[in-house]
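Only one structure is covered here, and it is reproduced in the block below.
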Amino acid sequence: MRFLDNKVVLITGTAGGLGRVAALTFAREGAKVVGSDINVEANNETVELVRSAGGEMTGIAPIDLTDHEQVKKLVEEAAQAYGGLDVVYNNAAIQKFGPMPDFSIEDWRRTIAGELDIPFFVSKYAWPHLVKRGGGVIINVASISGIIAGDVPPMVGHAAAKGGVISMTRQLALEGARHGIRAVAISPGPFLTPASDRDLGDNQEARDAVTKKTLLKRFGQPEELVELAAFLASDRAAYITGVNYAVDGGATAW
Ligand SMILES: NC(=O)c1ccc[n+]([C@@H]2O[C@H](COP(=O)([O-])OP(=O)(O)OC[C@H]3O[C@@H](n4cnc5c(N)ncnc54)[C@H](O)[C@@H]3O)[C@@H](O)[C@H]2O)c1
């Protein structure tokens, strides 16, 4: 028996670094995965990777997850794909960075929409499907920037949004408990994904500043995050709800 046999899991942002590895890991553990992204080509690649590894996955793309009408449609299609929904893995996000006081109103709003609207919209529309199943799990990918301040790069919008994701998770856990819904946040520290690799470019000083804050003095590998997510999504984690786990090489320990 694998961790996630017979579970239907909706994962957002499956074209990206952590989302792609989440799709592969959840499918390896027996889940039927529905993965969505705005990026069709890279999302299709993930579907192919999962299938060629022997897993089950349906891709639904393009979906702009900041548009709640599109999210509503996505969730209905996702629930139809395998006859229901058991787990929502809110991974997708898009954000802007910039220092105070120059961080523009537009970038603030884009960041709140890209990091806080998305998991709210997906959770809102998935909720009745989880209730219908007699319960389920919502896992929200937050960030250590929701726990501690960070200056590489300056991140006022990101910090506010990810702090909001952590608070929202506690509230979802409280309101979900009576329906058998668990809600858990996981907060990555610095992970090397195609996105962060691209953002940091060849700026070795910025890379060193980011990893210096960890106790382990290195970036995390996507697998080191999503193995926890797969466990939290499973019935083995049945007593875990309303909590936020930092997976950060010790960055928030000092
Ligand atoms: N990589 C890190 O170091 C790190 C650190 C802390 C938190 N996180 C969080 O982990 C999650 C995944 O990050 P990642 O590094 O894999 O990023 P990524 O950019 O590689 O992946 C994000 C995915 O979300 C998709 N997406 C973005 N906006 C979308 C929209 N409006 N509609 C549909 N899809 C959209 C992107 O196309 C992309 O495939 C995010 O929530 C991020 O904030 C990452």
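The values are calculated or read from the model by the stated rules, or taken from the named source; none is laboratory data. Worth saying up front: this structure is predicted, and the values here are computed from it rather than measured. Heads up, the Cβs are rebuilt from the backbone with ideal geometry, glycines too, and the neighbour counts pull from every protein chain shown.
General remarks:
- Verdict on G55 being over 18 Å from Q80 (Cβ atoms) and touching a residue at least 40 places away in the same chain (Cβ under 8 Å): no
- Selection of first residues in the stretch 23-38 that are closer than 13 Å to A81 by Cβ and in a loop (DSSP other than H, G, I, E, B) and of second residues that are away from the ligand (no atom under 16 Å from the Cβ) and of a type in the set (A, V, I, L, M, F, W, C), restricted to Cβ pairs under 6 Å at least 6 apart or on distinct chains, gives the following pairs, ordered by first then second residue: A31/L4.
- A search for C-beta distances below 7 Å between a residue of the stretch 61-73 that is closer than 14 Å to E41 by Cα and any residue that is among the hydrophobic types (A, V, I, L, M, F, W, C) and not in a loop (DSSP other than H, G, I, E, B), counting only pairs 6+ apart in sequence or on different chains, returns A61/V40; P62/V40; I63/L74.
- Any hit, the stretch 220-235, residues being among the hydroxyl-bearing types (S, T, Y), more than 25 Å from V137 (Cα to Cα) and either in contact with a Phe, Trp or Tyr (Cβ under 7 Å, 6 or more places away or on another chain) or touching a residue at least 24 places away in the same chain (Cβ under 8 Å) (or both): no
- Across the stretch 75-98, not a single residue is classified as surrounded by fewer than 16 Cβ atoms within 10 Å (Cβ to Cβ), part of a helix (DSSP H, G or I), in contact with a Pro (Cβ under 6 Å, 6 or more places away or on another chain) and at pLDDT 95 or above.
- Contact map, the stretch 133-151: residues that are within 15 Å of T241 (Cβ to Cβ) paired with residues that are in a strand (DSSP E or B) and basic (K, R), Cβ distance under 7 Å, separation 6+ or inter-chain. Pairs shown: V137/R182.
- Top-ranked residue of the stretch 176-185 - restricted to ones that are out of contact with any helix residue (DSSP H, G or I) (no Cβ under 6 Å at 6 or more places or on another chain) and under 23 Å from E115 (Cα atoms), ranked as surrounded by the most Cβ atoms within 10 Å (Cβ to Cβ): R182
- Of all the residues in the stretch 187-209, those that are crowded, with 18+ Cβ neighbours inside 10 Å and more than 8 Å from the ligand (Cβ to nearest atom) number 2.
- Flag if I94 is touching an Asp or Glu at 6+ places or on another chain (Cβ under 8 Å) and without any contact (Cβ under 8 Å) to a residue 40 or more places away in the chain: yes
- Condition broken by F103, with the remaining ones in (1) away from the ligand (no atom under 16 Å from the Cβ); (2) in a helix (DSSP H, G or I); (3) surrounded by 17 or more Cβ atoms within 10 Å (Cβ to Cβ) satisfied: (2)
- Given (1) out of contact with any Pro (no Cβ under 7 Å at 6 or more places or on another chain); (2) more than 10 Å from the ligand (Cβ to nearest atom); (3) more than 30 Å from L4 (Cα to Cα), number of the condition P154 does not satisfy: (1)
- Condition check for T111: β-branched (V, I, T), surrounded by 23 or more Cβ atoms within 10 Å (Cβ to Cβ) and away from the ligand (no atom under 11 Å from the Cβ): no
- Unmet requirement for G134, which otherwise passes all of (1) within 23 Å of T252 (Cβ to Cβ); (2) surrounded by fewer than 16 Cβ atoms within 10 Å (Cβ to Cβ); (3) touching a Gly at 6+ places or on another chain (Cβ under 7 Å): (1)
- Test: residue in the stretch 169-186 that is within 11 Å of the ligand (Cβ to nearest atom) and either of a type outside the set (V, I, T) or at pLDDT 95 or above (or both): yes
- Failed criterion for I139 (all others in (1) in a helix (DSSP H, G or I); (2) out of contact with any His (no Cβ under 8 Å at 6 or more places or on another chain); (3) closer than 25 Å to Q70 by Cβ; (4) not charged (D, E, K, R) hold): (1)
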